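Remarks on the structure that follows.
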Amino acid sequence: MLKTLSSAGINGVEGYIVTVECNAQPGLNKFDVVGLPDAAIKEAKERVRTACENSGFAFPESNLTVNLAPADRRKEGTGFDLSILVGILGASGVSGIGDLSGKCFVGELSLSGQIRGVRGALCMCAAARDAGFSEFYAPASNALEAAAVDGITVYGVEDVPSLMLHLSGKQPLVPVKCERGRMSRKESAFDLDFADIKGQSMAKRAMEIAAAGGHNILLIGPPGTGKSMLAKRLASILPPLSFNESIDTTKIHSVAGTLPENISLLSERPFRSPHHTMSSVSMVGGGTNPVPGEVSLAHNGVLFLDEFPEYSKAVTDSLRQPLEDGKVTVTRVNGRVTFPCSFMLVCAMNPCKCGYFGHPTEKCTCSPKEVHKYVSRISGPLLDRIDIEIEMPSLTIEEMTDMSRGESSSQIRERVVAARERAAKRFEGLDGIYCNAAIRPGAPAELIKITDDSLNLLRASFSSCGLSARAYDRIIRVARTIADLDSSETVEPRHVAEAIQYRSLDRKYWRK
């Protein structure tokens, strides 16, 4: 007897439907799985057999063949276990299962018959919805994230017996509903606040501009100036994720297996801070079965690289293409996978190896050649992709002993959100532009609205400051963000002048 039902797999952050064909024929006690399965799927035979028996069902003593179609596409992971078991029970004549059309099954089996969670449930549920399925059966631990997909009924399954009771109509399961208010955290719930930081008014201003325009930023200063403190508080002034951004971000973390349990959708922008000993594959993604890297896990959020020059050249250079394109493509023998990676890059570094170059009181032990060699670990092309460079001086004793608290993150966030809303009105009807940093060269003039006086100032600065074409373009974007924070419809010379200040460190550190 032949039983056909459906399951789903993932490729990158996109799901795809797999047809599971289970055939049971009288004959030798044999069990084969075909259709380009990986090792985990081949091992499913023992999980399915044992889970079936421990759930109170007799495993058929017959010649079983399971085909995963399309047969020319390699299948990976343990998410096909549940569909294989249901198909075998249906093919062996277990009463009550009935018609399985319109239903998609995903889940890993334990030997006891419990249904374990899988990666990418949100992506697979979206694929099932798009393919016209009406019901999606997922492990109970994945049901909340899958239920975020509109237009399909999601059931969370704890174990095999409860699923069979549901399919037979004896004890129906209750559909899982997505509570969009039930997110990982509330918008205002941040442990770190800008009010904790003493002094560094210029650096705070630069971080506000970076948050308002989605700009990449580099912080340079000696140890103890608050570079890491400032970077770690950036998330507290960023706008909340929109629903579509939340879906995209949750998909990536679901595929990577980093989504917390019992979370429907992520509402807080990701903040990733990998160690400088990481590899380039860990940064951009890859592996035999490609998985998202740090740049993708930071999608719609922040990637913070502390001690920036300590990262290997292979790692820092691997950032150039993702920063420019907002996506990274990993090509392997079995195919090509594309991961989205639109993120804010925040880098922090010392001005030299010992950290005290230019310090007013501490003596620097590095020679000029050693200072230049240290900062030169950051390549020119990568530096051009950083919009804002800010130097953070050491705090004075008066600043350190000042007990008054500065401006809170919530106050700064209000200005950032207002600036983003002004920019969003200019971007209406344009795809792929969500903030000023995403404006591409050659964009329509109405996206910038820069005055002639401002352009004249830029022309004068181009030669005197030795700007590259990419740096020139980024100054315009930063100036546009400053104008948005200033509630100005046009980019005035004062906005351009401030934006130019944030490119002045090129001459001090990199152009000797």
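The values are calculated or read from the model by the stated rules, or taken from the named source; none is laboratory data. Because the structure is a prediction, the values reported are computed rather than measured. All Cβ positions, even for glycine, are placed from backbone atoms using ideal geometry, and neighbour counts span all protein chains on display. Ligands, DNA and RNA are excluded from the accessible area calculation, which covers all protein heavy atoms including side chains. Shrake-Rupley method; radii C 1.70, N 1.55, O 1.52, S 1.80 Å.
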Computed FRET value (nearest 0.05) for residue 440 with residue 487, which takes r as the C-beta separation and R₀ as 25 Å: 0.50
Region 193-283 - accessible surface per residue (Å², probe 1.4 Å): 32 Å²
Overall form of region 316-443 per C-alpha gyration tensor (a/c, 1.5; a/b vs b/c): oblate
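What shape does region 78-218 take by its C-alpha gyration tensor, where a ≥ b ≥ c are the square roots of the eigenvalues and a/c under 1.5 counts as rounded, a/b above b/c as prolate, and the rest as oblate?
Working: a/c = 3.35, a/b = 3.05, b/c = 1.10.
Prolate.
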Amide hydrogen neighbours beyond the local backbone of residue 285, cut-off 5 Å, H modeled: 293, 294
Percent RCO, i.e. relative contact order, over region 117-182, from Cα pairs under 8 Å lying at least 6 residues apart: 29 percent
Where a label projected 7 Å from the Cα of residue 468 along Cα→Cβ would reach, residues of region 285-306 with amide N under 20 Å: 305
Gap separating the Cα centres of region 1-57 and region 216-280, nearest whole Å: 38 Å
Other-chain or far-sequence residues with amide H under 5 Å of residue 347's (modelled H): 217, 218, 219, 305
Dipole moment magnitude, nearest 20 debye, region 334-425 about Cα centre, only Lys, Arg, Asp, Glu C-beta charged: 560 debye
3J(HN,Hα) from dihedral phi, region 379-385, Karplus parametrisation 6.51/-1.76/1.60, rounded to Hz, x for glycine, proline: 6, x, x, 6, 4, 5, 8
Under-5 Å amide H pairs with residue 450, H placed in peptide plane, nonlocal only: 491
Amide N proximity, region 83-126 versus residue 171 label position 7 Å along Cα-to-Cβ, cut-off under 18 Å: 95-97, 112-116
Simple spin-label estimate for residue 372 and residue 46 in nanometres, 7 Å along Cα-Cβ: 6.4 nm
Rounded FRET efficiency, nearest 0.05, which uses the C-beta distance separating residue 424 from residue 130 and R0 of 25 Å: 0.35
The chain - charge dipole about Cα centre, Lys and Arg +1 at Cβ, Asp and Glu -1, debye rounded to 20: 1000 debye
Spin-label proximity, residue 332 to region 279-309 - amide N less than 20 Å from point 7 Å beyond Cα toward beta carbon: 279-298
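Taking 0.36 nm per residue of sequence separation and subtracting the Cα-Cα distance, how much length would be gained by fully extending the chain between residue 58 and residue 408, in nm to one decimal?
Value of the extension gain: 119.6 nm.
Using r as the Cβ-Cβ distance of residue 508 and residue 399, and R0 as 22 Å, what FRET efficiency do you calculate, to the nearest 0.05? Walk me through the intermediate numbers first.
Details: r = 23 Å, r/R0 = 1.04.
Calculated value: 0.45.
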For residue 370, solvent-accessible area (1.4 Å; no DNA, RNA or ligand), Å²: 100 Å²
Accessible surface of region 38-112, 1.4 Å probe, proportion on carbon and sulfur as whole %: 48 percent
The chain, helix-only ellipticity at 222 nm - DSSP H runs n ≥ 4, -39,500 (n - 2.57), divided by all residues, nearest 500: -9500 deg cm²/dmol
Proximal lysines to residue 353, defined as alpha-carbon separation beneath 19 angstrom and excluding residues fewer than eight positions away on the same chain: 227, 313, 363, 369, 373, 508, 512
In Hz, Karplus ³J(HN,Hα) per residue of region 157-164 (6.51, -1.76, 1.60; θ = phi - 60°; x = Gly, Pro): 10, 7, 8, 5, x, 5, 5, 5
Relative contact order, percent, region 366-489 [alpha-carbon distance under 8 Å, six or more residues apart]: 35 percent
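Where does the charge balance sit around residue 43 when Lys and Arg score +1, Asp and Glu -1, over other residues with C-beta under 15 Å from its C-beta?
Neighbourhood net charge equals 0.
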Antiparallel bridge percentage (DSSP; both residues within the chain; nearest 5): 45 percent
For region 213-305: rounded, prolate or oblate by the Cα gyration tensor [a/c cutoff 1.5]: oblate
From phi via Karplus (6.51, -1.76, 1.60), per-residue ³J(HN,Hα) for region 67-82 in Hz, x at Gly/Pro: 10, 9, 9, x, 6, 8, 10, 5, 9, 9, x, 9, x, 8, 3, 5
